[in-house]
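Each reported figure results from applying straightforward, stated rules to the coordinates on display, with no laboratory input. What you see is a predicted model, and the numbers here were worked out from it, not measured in a lab. We place every Cβ from the backbone using ideal geometry, glycine too, and count neighbours over all the protein chains shown.
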Amino acid sequence: MSTDTKNKNSRGSAAQFFVAGELCRRGLIAVVTMGNAPTTDILCSNLGGTKFVHIQVKTYEPGHKKVAVGKKAEIDYGKNFIWVLAGIPTSKSKDSFEYYIIPSPDVAKNVKEGHGKWLATPGKNNQQHNETTMRIIDLSPKASNAGWNVAQYKNRWDSIEKLLIDRA
């Protein structure tokens with residue numbers, strides 16, 4: 001395994017723990033699944049254990065404007081499934097941590113539309129793009145291929161908290 005791959009794996013694991021730590025700091029229960037659940041990196045609940053949210057974490061380096069996600073990003077897992085795009089700086093970086101908290105229905109719709117537009121748009125030398133299992137979420141301030149701007153999801157931890165509030 002190359003050093004780059006080891007570093008990427010370590011950063012991905014670190015991101016899951018940073019996200020879980022933030023959720024715990026907010027008074028929620030967060031358990032990192034350690035790869036034991038195919039679509040859930042973190043299982044989060046309220047203190048009473050009566051409501052749950054599944055969280056998938058994707059890591060990128062702050063300053064990068066694109067986050068790679070797999071084809072499963074096109075699946076709408078429902079409102080209690082959340083994607084967290086975690087911008088985790090390297091140990092030598094002065095960049096701040098960044099988090100985008102995005103509900104699955106929004107990711108599925110926009111990633112699918114964006115990938116479709118990418119496929120339909122000619123690439124280099126006016127050649128057709130080939131199908132791939134890779135999908136991209138564009139973090140740049142402009143709207144991405146799908147016409148959505150992810151800036152509205154930055155640091156939206158409240159969207160997870162609202163799903164877990166017990167209303168008596």
### Task
Taking the Cβ of each residue in HIS115, HIS54 as the centre, tally the other Cβ atoms inside 10 Å and list the residues starting with the fewest.
HIS54, HIS115
#### Entry: Anchor LYS71: lysines whose Cα lies under 17 Å away (excluding residues fewer than 8 positions away in-chain)
LYS58, LYS109, LYS112, LYS117
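Compute the whole-percent fraction of alpha carbon pairs in the chain spaced more than 28 Å apart. Intermediate values should be presented prior to the final figure.
Values: 3430 of 14028 pairs.
Tail of the P(r) past 28 Å holds 24 percent of the pairs.
To make sure I understand, if each residue's beta carbon is the centre and we count other beta carbons within 10 Å, what order do CYS24, CYS44 fall in, fewest to most? Don't jump to the answer; show the numbers that get you there.
Details: CYS24 13, CYS44 25.
Lowest count first: CYS24, CYS44.
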### Task
Return the long-range amide H neighbours of THR33 (sequence gap of 5 or more, or a different chain), with a cut-off of under 5 Å between placed amide H atoms.
ILE42, LEU43
### Query
What list of ³J(HN,Hα) values in whole Hz, one per residue of the stretch 54-61 in order, does the Karplus curve 6.51 cos²θ - 1.76 cosθ + 1.60 (θ = phi - 60°) give from phi, with Gly and Pro shown as x?
9, 10, 10, 9, 10, 9, 8, 8
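Please rank VAL31, VAL111, VAL57, fewest neighbouring Cβ atoms within 10 Å first, as an exposure proxy.
Values: VAL31 13, VAL111 26, VAL57 23.
Result, fewest neighbours first: VAL31, VAL57, VAL111.
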### Task
Could you give log10 I(q)/I(0) at q = 0.18 Å⁻¹ for the stretch 30-125, computed by the Debye formula over C-alpha point scatterers of equal weight, without solvent?
-0.93
